[in-house]
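Novice: Mind looking over this structure? Questions follow.
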Amino acid sequence: MIVACSKDQGIGVIRVSNALSAATVDTFREQLASWQAVEVNVKNYVIDLKQVDFMDSAGLGTLIAVLKRITERGGDLKIACLQKKPRMVFEITRAYKVFEIYDTVDEALKMFK
Amino acid sequence: MKAVFYTADPLPWADDIGGVPWPLLPVANRPLLDYWLETCAEIGIRQVQVILGEGADEVEEFAGNGSRWGVEIQYSFARANEQPLDYLKATSNRWEDGLLFIGAAFFLRRRQAYKPSDFQILEACHYGAEGKAWFLYGKTGDEVKALLEGGFGSDRGLEQIHVHPFIIDGIPAYFDINMKMVEGELQRYVTAGFSNVDGSSVGYNVLTPPSAHLRPPLIIGNDCRFGFMSTIGAKVVVGNHVIIDSHTELSNCLILQDTYIGQNLEIRNKIVSGNRLISAEDGTVVEITDSWLVARNRPNMRTEDLVRYIILWVLALGIALIQAIPFCILYPLVRLTRIGIFQKNVFHDPKTGYLNLPVFIKLKNRKSIIYRLFRAAMLDRFPWLLLALRGRLFVCGQPPMRHPEEDELITQLPHYYPAVFSYADYSRDSDRLVDSLWYAHIRSLFEDVKILIKSFLYRFFRAGSK
């Protein structure tokens, strides 16, 4: 499992425990989709990337696709604990303009209130 | 005075940048070693010893015998378990006339202004830590001995020679010195006759579409391409052979040579070296595997160069065999009729410094069938072909540069391939410097065969016209 999903105050918290790259994005997408199929009432999400130390364009593209799908359903997605190396990828691709990024999961959860 | 450059100790932070051995890390698009040798030439040092370590081949290939800087370079390898300080002490009798020792990544910053009254303050200079010598400068043997024994040293700069050694002890310092250069210090290092008054320095063969926006201060190397709607600057150093794709913005960053930057990216406060993205603040390195984001845009040329060299050598052998008999018949006739002779001229040589090449000189300006045949068959290049077969010249490449007339050109060529045939053989408007830089940039087997065929065809149809 590279995704551990839980619910906190009605908000989905998705903990990713591996690099998000071309090799893992399919698993990430499948595991997230299967959890979303069960928790149909969850609209807002926080993705915890504390354990993600590498991300390539496939990983980034998947996050953008997830964000798009969530916003289409009227929800929102925030990112927490973005590590240094993935942050650099976010910076050069201007992804920081697309996502709201917070230092901790708690901070991200507070922003939904 | 002598200079010793100890490059044997690896620098881990420089390995993170990748690409070249640390003495060749570029500062404002020139290797550190280039600045060291230039300083040696300026302060009158003629004998330089370079102690090599990893990347020895590349260091030696770059510096050669030192003739580009007017110094004489000797190379050696470091002995196992011998510290540079021990070596300098053991050979202290060699430093009677003074010593400049550099043992780490120092950038020799030129002082913009100095006070003559400061000249007497410093007699010697010594940097080091943990019992290791990193930098040492003493004008006399006594000063050097004292410094080697840990005597009077100083942490201050070298006022006597208007140089401030700036230690590059990590990626942030490396980025910092490059930014200092782009912010204005480059002006102290430009060749006489050049200037970067508006804060921009742009190399040869740089293509920018009208929609690309260049915002000084910036430094751009040779052979670069910028995509439409790209924004370069402010405070950007772009190395040689860099491609920036469309809609990408660069500011406050350092892009090292042979790098491709993809579309619609934003690079700030970073170093990009090939596919490595490096944080300028803390040196964090990310290897990007997506070649459409950032990538190294040039494979290692060594293998390709070797294959090209072998194929052309075989071609040259064939041409020489064909030319041998006509040359043996026609050249004695050309000499007997006193139309022309071969005279030895001195040219630059990348390996030995200088090379005597026989150049055909026309003595009489008269029409002659013999002379036309001689030229049409390109027999005036026959001796050069023989030298190419002996490995002294390339078959196709850049025109050999004369000494001393073209010394200035040589200093501007990072790669020098003196050859029998070049663009100058068939292009009337050939500019030696631009063509030489262009050749070094796009050299390939296809280009060489093109030069060879065009040279022969041009000469054959225009033989005797000049």
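The values are calculated or read from the model by the stated rules, or taken from the named source; none is laboratory data. Since this is a predicted model, take the numbers as computed values, not measurements. All Cβ positions, glycine included, derive from the backbone under ideal geometry; neighbour counts span all protein chains shown. To get the accessible areas, we keep the full protein, side chains included, count just its heavy atoms, and leave off ligands, DNA and RNA. Shrake-Rupley method; radii C 1.70, N 1.55, O 1.52, S 1.80 Å.
Novice: Are any residues in the stretch A:51-90 within 18 Å of A:G12 (Cβ to Cβ) and among the basic types (K, R), and if so, which ones?
Specialist: A:K68, A:R69, A:R73, A:K78
Novice: Next question. Of everything in the stretch B:254-266, what is over 19 Å from A:F54 (Cβ atoms) and facing another protein chain (nearest Cβ under 10 Å)? Give them in sequence order.
Specialist: The answer is B:I261, B:N264, B:E266.
Novice: Quick one: would you say B:S211 is among the small types (G, A, S), part of a loop (DSSP other than H, G, I, E, B) and open to solvent by 10 Å² or more (accessible area, probe 1.4 Å)?
Specialist: yes
Novice: Kindly list, by first and then second residue, each pair from a residue in the stretch B:188-215 that is farther than 19 Å from B:I177 by Cα to a residue that is basic (K, R) and at pLDDT 90 or above, limited to pairs with Cβ atoms under 7 Å and residues at least 6 apart or on different chains.
Specialist: Taking only residues 6 or more apart or on different chains, the pairs are B:L207/B:R225.
Novice: With the requirement that a residue be surrounded by 12 or more Cβ atoms within 10 Å (Cβ to Cβ) and under 16 Å from B:D380 (Cα atoms), what does the stretch B:344-355 give you?
Specialist: If the condition is that a residue be surrounded by 12 or more Cβ atoms within 10 Å (Cβ to Cβ) and under 16 Å from B:D380 (Cα atoms), then B:N345 is the only one that fits.
Novice: Condition check: within 11 Å of chain A (Cβ to nearest Cβ), touching a Cys at 6+ places or on another chain (Cβ under 9 Å) and either assigned to a loop (DSSP other than H, G, I, E, B) or surrounded by 19 or more Cβ atoms within 10 Å (Cβ to Cβ) (or both). Does B:I278 satisfy that?
Specialist: It is false that B:I278 is within 11 Å of chain A (Cβ to nearest Cβ), touching a Cys at 6+ places or on another chain (Cβ under 9 Å) and either assigned to a loop (DSSP other than H, G, I, E, B) or surrounded by 19 or more Cβ atoms within 10 Å (Cβ to Cβ) (or both).
Novice: Which count do you get for residues in the stretch B:233-255 that are open to solvent by less than 10 Å² (accessible area, probe 1.4 Å) and part of a loop (DSSP other than H, G, I, E, B)?
Specialist: Looking only at that region, the number is 5.
Novice: Identify, please: which residue in the stretch B:440-466 is in a loop (DSSP other than H, G, I, E, B) and polar (S, T, N, Q) and is, among those, least open to solvent (accessible area, probe 1.4 Å)?
Specialist: Among those that are in a loop (DSSP other than H, G, I, E, B) and polar (S, T, N, Q), it is B:S444.
Novice: When the stretch B:363-393 is examined, which residues are found to be within 17 Å of B:L333 (Cβ to Cβ) and modelled with pLDDT under 85?
Specialist: Passing the criteria: B:L363, B:K364, B:R366, B:K367, B:S368.
Novice: Tell me whether the stretch B:311-334 contains one or more residues that are part of a strand (DSSP E or B) and either open to solvent by less than 80 Å² (accessible area, probe 1.4 Å) or at pLDDT 90 or above (or both).
Specialist: No: zero hits.
Novice: Tell me which helices (runs of 4 or more DSSP H) are completely within the stretch A:47-113 and hold 3 or more residues being within 13 Å of chain B (Cβ to nearest Cβ) and not polar (S, T, N, Q), or say none if there are none.
Specialist: Where helices (runs of 4 or more DSSP H) fall fully within the stretch A:47-113 and carry at least 3 residues being within 13 Å of chain B (Cβ to nearest Cβ) and not polar (S, T, N, Q), they are A:57-72, A:84-92.
Novice: In the stretch B:381-396, how many are in contact with a strand residue (DSSP E or B) (Cβ under 6 Å, 6 or more places away or on another chain) and open to solvent by 20 Å² or more (accessible area, probe 1.4 Å)?
Specialist: Going through the stretch B:381-396 one residue at a time, the tally reaches 4.
Novice: Evaluate the stretch B:286-296: report whether one residue or more is open to solvent by 70 Å² or more (accessible area, probe 1.4 Å) and either of a type in the set (F, W, Y) or more than 14 Å from chain A (Cβ to nearest Cβ) (or both).
Specialist: yes
Novice: So, in the stretch B:423-439, exactly how many residues are open to solvent by 40 Å² or more (accessible area, probe 1.4 Å) and of a type in the set (D, E)?
Specialist: The total comes to 2.
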